[in-house]
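Notes for the one structure printed next.
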């Protein structure tokens, strides 16, 4: 890995504000982004039924070592910051995680009730594994043990309540300067969006910034309430460590 620049690996589950965070970082003048680097590899390995799975595999990098070489290698387009939006469930446990030592890891969390309520609007079948919350806690502990330092954690609710303060904290933790350009961006699709955007990015594609947090009373059926309860303990561990 080249020592020049900063490689930010942001670990999030689905149905978070992770794509808005990617928009925020991409709007900086010094940053290039990569949307879910391991998605094609993950689908190829697991054979899960995701929207446009065959198209994602065909268009993406399905070789694990190829992905690792790119996320830890030279930063594209001559930029100094490489922001990578990773999904926690894409990091399979039987693969080596040692490459995480070569990137600056941070974590974006969201209340499991809100995650699950949003997720089932796109995929009716959902498990703790699908929303990636247990995996997020395991990745967090792995990074913490390897570095001896608590990695930065942001809660989506905090970001939406006060984007400027939370993004400034994030930048300090990652040792990069804050930019006002992170607070807004032009609407529309991006070339950097994964081809799965047509299924998942409807709202963010019309956005021009972080939308103010609006509390909602999600009425989940019994089996989804149990799933949320299962994920809650993992979420609380990370929430206690948030910036």
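FYI, it's all coordinate maths here, none of it is from the lab. All values reported here derive from a predicted model rather than from experimental measurement. Glycine gets a Cβ as well: all are built from the backbone with ideal geometry, and neighbour counts include every protein chain shown.
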* To do: Measure off 7 Å from each Cα along the Cα-to-Cβ vector at residue 58 and residue 101, then give the distance between these two points in nanometres to one decimal.
  => 4.0
* When the helices in the chain are scored as -39500 (n - 2.57) per DSSP H run of 4 or longer and the sum is shared across all residues, what 222 nm value do you end up with, to the nearest 500 deg cm²/dmol? -> -11500 deg cm²/dmol
* residue 213-residue 142 FRET efficiency (beta carbon distance; Förster radius 25 Å; 0.05 resolution) -> 0.25
* If a/c stays under 1.5 just call it rounded; otherwise compare a/b with b/c (prolate if a/b is bigger, oblate if not). Do that for the stretch 98-234, with a ≥ b ≥ c from the square roots of the Cα gyration tensor eigenvalues. => oblate
* In nm, spacing of pseudo-spin labels at residue 46 and residue 80 (7 Å Cα→C-beta vector) -> 3.7
* **Mean Cα-pair separation over length for the stretch 95-205, i.e. relative contact order, pairs under 8 Å, 6 or more apart, %** => 26
* Asked: Tell me, 101, 240, 30 in order of fewest to most beta-carbon neighbours within 10 Å?
  -> 240, 101, 30
* Order by neighbour count: 231, 171, fewest other Cβ atoms within 10 Å first, most last. => 171, 231
* Asked: Rounded, prolate or oblate: which fits the stretch 160-234, taking a ≥ b ≥ c as square roots of the Cα gyration tensor eigenvalues, rounded meaning a/c under 1.5, else prolate when a/b beats b/c?
  -> oblate
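How would 8, 32 line up from fewest to most surrounding beta-carbon atoms within 10 angstrom?
Result, fewest neighbours first: 32, 8.
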* Relative contact order (%) - the chain, alpha-carbon pairs under 8 angstrom, separation at least six -> 28
* Asked: Rounded, prolate or oblate: which fits the stretch 15-157 when a ≥ b ≥ c are the square roots of the eigenvalues of the alpha-carbon gyration tensor, with rounded for a/c under 1.5 and prolate only if a/b beats b/c?
  -> rounded
* Computed Kirkwood radius, in angstrom, where 1/r is averaged over Cα pairs of the chain -> 18.2
